[in-house]
Amino acid sequence: MAKMNLDFYKNKKIFLTGHTGFKGTWLSRILLQAGAEVAGYSLEPPTEPALFTQTNTKKDIHSIIGDIRNKDTLINSLQKTQPEIIFHLAAQPIVRISYSYPVSTYETNVMGTVNILEALRQTPSVKSFVNVTTDKVYENKEWHWGYRENENLCSFDPYSNSKSCSDIITYSFRNSFFNNGDSPAISTARSGNVIGGGDYAKDRIIPDCIKAMSTKKEIIVRNPYSTRPYQHVLECLSGYLLLAEKQFNNKSLEGPYNFGPDDESCVTTGKLTELFCNIWGSGATWIEHKDNGPHEANFLKLDCSKAKTVLGWKPYWNIKTALEKTIEFAKLKSDDERTVYVDNQIKEFYNKI
């Protein structure tokens, strides 16, 4: 397997949408350690608390507060920064929220993609573009093997469907406007369920577990039998970074890629929660409580053979290690500790690779 070398990103100009979010903050801090010049475009942090605020990442990057739905502001920001590489992470990312707010979910995830790609058309400095979608873009048939990049894209719920649309839009723009040798390389990255320190989003199992521990309550699990590909946030981010680098140097590598864990980390929500309780200790327990919520897929798994074969990527931390790292962060008491822990975790991860 090829080893990831962050030296490629030294002095590179990077534009990152969604930089104030959970994954965006982690990606910003990786790029800062690599010596990149980072500009971010996003709304204010989506949660309180927020990892972006806790780590004071704003002071080290060019942070632009803007809405991905505002095409003119986005184009202006991109042309001012003149980046070489774009990572598009800005999204409404929660399935259950998408049922309550379908219009804004589609506006953000679909037209946001159109807007960033239209901005890309007007910014010739860009050589590599990665649109981060999701493992949920596939038409879910509840089968017990991983979806490959050539499977049908057609999801059920508004969030997942909007991401299917985002993936298809990227395909269309790549073929319609970026199809010659001088065009930037354009890809989509589809990753599994991500966990890690600093995720405070609602309706996600690990943040829900941590919140229950902070209030000394039992963890409530809506569906302990659903299976998902769980991975640490650094795993998928390493894939995005490797993809952006490889296609920067070789446009023929552009296209869709899955980044998910090995089979051992594709587990049921019940098993994940049980493992969380064992690692947390202090008598942590969970109970099943169905809330008759909207439809969500029961079984979802990715086949990552393409990323492993073409890019030389592979996952390193299994689900137990990912949970241990997440719980260690959750038990920290100060923002200074959290910042040091995030940066040291990045160093540890890339030393392992």
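Here are a few things to note about the model shown:
- Condition met for THR57 (modelled with pLDDT of 95 or more, surrounded by 22 or more Cβ atoms within 10 Å (Cβ to Cβ), of a type in the set (Val, Ile, Thr) and out of contact with any strand residue (DSSP E or B) (no Cβ under 7 Å at 6 or more places or on another chain)): yes
- Qualifying residue in the stretch 180-197 (condition: of a type in the set (D, E, K, R), at positive phi, surrounded by fewer than 22 Cβ atoms within 10 Å (Cβ to Cβ) and out of contact with any His (no Cβ under 6 Å at 6 or more places or on another chain)): no
- Set side by side, the residues ILE64, ILE68, ILE75 differ, and just one is surrounded by 18 or more Cβ atoms within 10 Å (Cβ to Cβ) and part of a loop (DSSP other than H, G, I, E, B), which is ILE68.
- Single residue of the stretch 1-53 satisfying the filter (aromatic (Phe, Trp, Tyr) and crowded, with 22+ Cβ neighbours inside 10 Å) that is nearest to TRP313 (Cα to Cα): TYR9
- Listing of strands (runs of 3 or more DSSP E) fully contained in the stretch 222-329 that carry 1 or more residues being of a type in the set (Val, Ile, Thr): 227-232, 266-268, 286-288
- For PHE15: the one exception among (1) aromatic (Phe, Trp, Tyr); (2) in contact (Cβ under 8 Å) with a residue 40 or more places away in the chain; (3) over 29 Å from VAL310 (Cβ atoms): (3)
- Qualifying positions in the stretch 5-38 - part of a loop (DSSP other than H, G, I, E, B), at negative phi and over 12 Å from the mean Cα position of the chain (by Cα): ASN5, LYS10, LYS12, THR20, ALA36
- When restricted to residues that are surrounded by fewer than 22 Cβ atoms within 10 Å (Cβ to Cβ) and in contact with a His (Cβ under 8 Å, 6 or more places away or on another chain), the stretch 80-98 contains 1.
- If you filter the stretch 179-206 down to residues that are at pLDDT 95 or above and over 25 Å from CYS304 (Cβ atoms), you find that the one that is nearest to the chain's Cα centre (by Cα) is TYR200.
- Residue tally, condition surrounded by fewer than 21 Cβ atoms within 10 Å (Cβ to Cβ) and among the β-branched types (Val, Ile, Thr), over the stretch 211-243: 3
- Set SER98, SER104: member being touching a residue at least 24 places away in the same chain (Cβ under 8 Å) and not in a loop (DSSP other than H, G, I, E, B): SER98
- Filter result (over 18 Å from SER183 (Cα atoms) and among the charged types (D, E, K, R)) within the stretch 73-122: LYS80, ARG96, GLU107
- Options ILE287, ILE206: the member that is exposed (fewer than 14 other Cβ atoms within 10 Å of the Cβ) and of a type in the set (A, V, I, L, M): ILE287
- Contact annotation: residue pairs with Cβ atoms under 6 Å, 6 or more positions apart or on different chains, pairing a residue in the stretch 318-342 that is under 17 Å from ALA212 (Cα atoms) with a partner that is outside any helix (DSSP H, G or I), are THR326/ILE195; THR326/GLY196; THR326/GLY197; PHE329/GLY197.
- Residue within the stretch 156-175 that is of a type in the set (Asp, Glu), surrounded by 14 or more Cβ atoms within 10 Å (Cβ to Cβ) and over 26 Å from ALA39 (Cβ atoms) present: yes
- Scope the stretch 107-141; condition in a helix (DSSP H, G or I) and surrounded by fewer than 21 Cβ atoms within 10 Å (Cβ to Cβ); matching residues: GLU107, VAL110, MET111, VAL114, GLU118, ARG121
- Close pairs from the stretch 43-67: first among the aromatic types (Phe, Trp, Tyr), partner at pLDDT 95 or above and surrounded by 19 or more Cβ atoms within 10 Å (Cβ to Cβ), Cβ under 6 Å, at least 6 apart: PHE52/THR20; PHE52/THR25; PHE52/PRO45
- Screening the stretch 117-169 for residues that are among the basic types (Lys, Arg) and modelled with pLDDT of 95 or more and picking the one that is nearest to LEU241 (Cα to Cα) gives LYS127.
- Filter result (without any contact (Cβ under 8 Å) to a residue 60 or more places away in the chain, closer than 22 Å to PRO102 by Cα and in a loop (DSSP other than H, G, I, E, B)) within the stretch 153-200: CYS154, SER155
The values are calculated or read from the model by the stated rules, or taken from the named source; none is laboratory data. Only a predicted model underlies this, so the values are computations on that prediction, with no experimental measurement involved. No Cβ is skipped: glycine too gets one built from the backbone with ideal geometry, and neighbour counts run over all protein chains shown.
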